[in-house]
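Colleague: Let me begin by handing over the structure; questions about it come next.
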Amino acid sequence: MKVDDLKANAAARYADDYAALADLLPGHGVPWVRKARERALERFRALGFPTLRDEDWKYTSVAPLERRHFPPAAGSVPSSELESTLAIHRFAHLDADLLVFVDGCFVPQLSRLGKLPEGAMVCSLAELLERGAEPLVPYFGSEAPAGPFAAMNTAFARDGAVVHLQPGVKLPRPLHLLILASGGGRAAHLRHLVLAEEGAQALVIEHYAGVPGAVAFTNTLTQISVGPGAAVEHVKLQQEDVKTVHLAGIHAEQRRDSRFVSHSMALGAQLARTDIAVALDDEGCETTLNGLYLVGGRQHVDHHTRIDHAKPRGTSREYYRGVLDGAGRGVFSGRVVVHPGAQKTDAEQTNNNLLLSQDAEVDTKPQLEIYADDVKCAHGATVGQLDEDMLFYLRSRGIGDVAARNLLTYAFANDVINRIGLKPLRVRLEEFVIGRLPEGEAIRELV
């Protein structure tokens, strides 16, 4: 079968899925929700699956989605295996509210939400879609963000988290969204919204995991609105099984003097791609994007980021690091666009990669587009191996070769982890990195 026929058949199967599910999806009885889904399905069919001929997908093939059909999941009954997985991925020493989603659906009995202040709302997307809630229209009902998987998400999204903070309201505790995949070759389409109005503050952890050996497809889209003077910190922790395909989009828009921080940690999945787009739509905005990807075996991890400086006095910082081993492959494409009139923009972007094996590979593409003349912008990327001089230095002080290599690798990854403010999360990530290193336990006494 020709490649184009394979892609057309794959897209057609998802269109058939929608026809079978349309009357079961949340909000199916609400005219604007149904129209939004149908418009999105048409966009998805028109766009089809991306190919390597598409510049944005030049290094990432979605062949696993074309070869295997992932019908939409409808949620799962919590099992002992799921509860064991849940116990592993909870943050025991973090005082946080917890919302649990299994196979794309909210599970209230596994969740824990404390008292919220007046003016704060945290709930499931499905609940609001059933009511056709008006605040969703600019987000769920719009055609943006673009792209076939965003369109697929709008057509099929069953659930997700919605956070809405009125002016001046602060979310009292971090919100931990724990999204589990039970396997079975199903697709979970999740949609999250974080809306922080003027002066509001929130910290949201979006955490993806699954039962061991889970074969699944996760397609998730998060939209974040940061109002004037507001602050949102967003952590995306992706730890799914290496048989999972994970595609994600994070789209943030900022208003005057707001602050947005994103930490994207890609640690699992067979194929994972995260697109992050931030629009600094007003003066004085600050954005920081941190990212870490650990790639081994035959994993493929792709990060595409875009920061648009549309107004003056914006500041952005971007720090991405990758550690690649085995036959793993990493992709980083970061674009910073300074639009006309965005004077006094201050932007920096770096992507550093550490290759631990001969078969590991990375493609990095930092990009600057500047259409203003009074700006301070810089970018850079590196790809290399462990520093032989540093290895020699450590060995000369009695540290074995393996331990010395582990220590340098750990320090390289920890530069990004240390930028996370929450200690329990930072400790969890440090433990994960140590666990991925050969004989990693031996370096505990050294760090």
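Colleague: Pick out the one residue from GLY114, GLY104 that is over 21 Å from the mean Cα position of the chain (by Cα), modelled with pLDDT of 90 or more, under 24 Å from LEU237 (Cβ atoms) and not β-branched (Val, Ile, Thr).
Modeller: GLY114
Colleague: For the range 373-390, check the following and say yes or no: at least one residue is among the polar types (S, T, N, Q), without any contact (Cβ under 8 Å) to a residue 40 or more places away in the chain and closer than 28 Å to ALA347 by Cα.
Modeller: Narrowing the range 373-390 to residues among the polar types (S, T, N, Q): 382, 385.
Adding the requirement that they be without any contact (Cβ under 8 Å) to a residue 40 or more places away in the chain leaves 382, 385.
Still in the list and also closer than 28 Å to ALA347 by Cα: 382, 385.
Checked the range 373-390: at least one residue is among the polar types (S, T, N, Q), without any contact (Cβ under 8 Å) to a residue 40 or more places away in the chain and closer than 28 Å to ALA347 by Cα.
Colleague: Something else now. When the range 242-263 is examined, which residues are found to be out of contact with any Phe, Trp or Tyr (no Cβ under 8 Å at 6 or more places or on another chain) and either over 24 Å from GLU143 (Cβ atoms) or not in a strand (DSSP E or B) (or both)?
Modeller: Result: VAL242, LYS243, ARG255, ARG256, ASP257, SER258, ARG259, VAL261, HIS263.
Colleague: Within the group ARG329, ARG313, which residue is open to solvent by 60 Å² or more (accessible area, probe 1.4 Å) and closer than 23 Å to LEU247 by Cβ?
Modeller: Values: ARG313 fails: closer than 23 Å to LEU247 by Cβ.
Result: ARG329 is the single residue among ARG329, ARG313 that is open to solvent by 60 Å² or more (accessible area, probe 1.4 Å) and closer than 23 Å to LEU247 by Cβ.
Colleague: Which condition breaks for GLU81 when tested against (1) part of a loop (DSSP other than H, G, I, E, B); (2) over 25 Å from PRO174 (Cβ atoms)?
Modeller: Of everything listed in (1) part of a loop (DSSP other than H, G, I, E, B); (2) over 25 Å from PRO174 (Cβ atoms), GLU81 misses just condition (1).
Colleague: Please identify the pairs in which a residue from the range 90-112 that is without any contact (Cβ under 8 Å) to a residue 60 or more places away in the chain and under 18 Å from PRO174 (Cα atoms) has its Cβ atom under 8 Å from the Cβ atom of a residue that is open to solvent by 20 Å² or more (accessible area, probe 1.4 Å) and of a type outside the set (A, V, I, L, M), counting only partners at least 6 apart or on another chain.
Modeller: Taking only residues 6 or more apart or on different chains, the pairs are LEU110/PRO78; LEU110/GLU83.
Colleague: Take ARG317 and tell me if it is in contact with a helix residue (DSSP H, G or I) (Cβ under 6 Å, 6 or more places away or on another chain), in contact (Cβ under 8 Å) with a residue 24 or more places away in the chain and closer than 22 Å to ILE205 by Cα.
Modeller: Numbers: in contact with a helix residue (DSSP H, G or I) (Cβ under 6 Å, 6 or more places away or on another chain): no; in contact (Cβ under 8 Å) with a residue 24 or more places away in the chain: yes; closer than 22 Å to ILE205 by Cα: yes.
Here the answer is no, as ARG317 does not meet what is asked.
Colleague: Can you tell me which residue among HIS246, HIS189, HIS251, HIS263 is in contact (Cβ under 8 Å) with a residue 12 or more places away in the chain, closer than 23 Å to PHE91 by Cα and touching a helix residue (DSSP H, G or I) at 6+ places or on another chain (Cβ under 9 Å)?
Modeller: Numbers: HIS246 fails: touching a helix residue (DSSP H, G or I) at 6+ places or on another chain (Cβ under 9 Å); HIS189 fails: closer than 23 Å to PHE91 by Cα; HIS251 fails: closer than 23 Å to PHE91 by Cα.
Checking each option against the conditions leaves just HIS263.
Colleague: While we're on this one: Name the residues in the range 277-286 that are crowded, with 24+ Cβ neighbours inside 10 Å and either in a strand (DSSP E or B) or on the phi > 0 side of the Ramachandran plot (or both), would you? Explain how you work it out, then say what you get.
Modeller: Our first condition is that a residue be crowded, with 24+ Cβ neighbours inside 10 Å; within the range 277-286, this holds for 278, 280, 285.
Across the range 277-286, the qualifying residues are VAL278, LEU280.
Colleague: Is it true that ALA146 is surrounded by fewer than 16 Cβ atoms within 10 Å (Cβ to Cβ), among the hydrophobic types (A, V, I, L, M, F, W, C), farther than 26 Å from ALA96 by Cβ and under 17 Å from the mean Cα position of the chain (by Cα)? So that I can check it myself, show each step before the final result.
Modeller: On the way: surrounded by fewer than 16 Cβ atoms within 10 Å (Cβ to Cβ): yes; among the hydrophobic types (A, V, I, L, M, F, W, C): yes; farther than 26 Å from ALA96 by Cβ: yes; under 17 Å from the mean Cα position of the chain (by Cα): yes.
When the stated conditions are applied, ALA146 passes them.
Colleague: Output the residue which, of all residues in the range 368-381 that are open to solvent by less than 70 Å² (accessible area, probe 1.4 Å) and of a type outside the set (A, V, I, L, M), is nearest to ARG317 (Cα to Cα). Before the answer, list the steps.
Modeller: Restricting attention to the range 368-381, the residues satisfying the condition of being open to solvent by less than 70 Å² (accessible area, probe 1.4 Å) are 368-369, 372, 374-375, 377-378, 380-381.
Next, from what is left, pick out any that are of a type outside the set (A, V, I, L, M): 369, 374, 377, 380.
On the way: GLU369: 15, ASP374: 18, CYS377: 10, GLY380: 12 Å.
If we take residues in the range 368-381 being open to solvent by less than 70 Å² (accessible area, probe 1.4 Å) and of a type outside the set (A, V, I, L, M), then CYS377 is nearest to ARG317 (Cα to Cα).
Colleague: Within the range 200-240, which residues are at pLDDT below 95, open to solvent by 10 Å² or more (accessible area, probe 1.4 Å) and either under 19 Å from LEU99 (Cβ atoms) or among the acidic types (Asp, Glu) (or both)?
Modeller: Within the range 200-240, just GLY210 meets the criteria.
Colleague: With over 22 Å from the mean Cα position of the chain (by Cα), of a type outside the set (Val, Ile, Thr) and open to solvent by 10 Å² or more (accessible area, probe 1.4 Å) as the only criterion, which of ARG158, ARG131 stands out?
Modeller: After ruling out the rest, the residue left standing is ARG131.
Colleague: Could you check VAL245 against (1) in contact with a Pro (Cβ under 7 Å, 6 or more places away or on another chain); (2) open to solvent by 10 Å² or more (accessible area, probe 1.4 Å); (3) closer than 22 Å to ARG329 by Cα and say which number it fails?
Modeller: So the condition that VAL245 fails would be (2).
Colleague: Considering only helices (runs of 4 or more DSSP H) fully contained in the range 121-179, which possess at least 3 residues that are closer than 15 Å to GLN223 by Cβ and charged (D, E, K, R)? Reasoning before the result, please.
Modeller: Details: elements: 125-131, 137-140, 148-156.
So the answer is none; nothing clears 3.
Yes or no, residue by residue, for (1) touching a residue at least 60 places away in the same chain (Cβ under 8 Å); (2) among the small types (Gly, Ala, Ser); (3) assigned to a helix (DSSP H, G or I); (4) exposed (fewer than 12 other Cβ atoms within 10 Å of the Cβ):
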residue	(1), (2), (3), (4)
GLY398	no, yes, no, yes
ALA403	no, yes, yes, no
LEU408	no, no, yes, no
ALA413	yes, yes, yes, no
ILE420	yes, no, no, no
ARG426	no, no, yes, no
LEU429	yes, no, yes, no
ALA442	no, yes, yes, no
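Colleague: Still on this model: Which pairs turn up if I take residues in the range 295-310 that are assigned to a strand (DSSP E or B) and look for partners that are of a type in the set (D, E, K, R) and open to solvent by 10 Å² or more (accessible area, probe 1.4 Å) with beta carbon separation below 6 Å, at least 6 apart in sequence or on another chain?
Modeller: HIS300/ARG329; HIS304/ASP275; ARG306/ARG335
The values are calculated or read from the model by the stated rules, or taken from the named source; none is laboratory data. Keep in mind that what you see is a predicted model, and the values were worked out from it rather than measured. Cβ sites come from the backbone with ideal geometry, for glycine too, and all protein chains shown count toward neighbours. Calculation scope for accessible area: heavy atoms of the full protein, side chains included, ligands and nucleic acids excluded. Shrake-Rupley method; radii C 1.70, N 1.55, O 1.52, S 1.80 Å.
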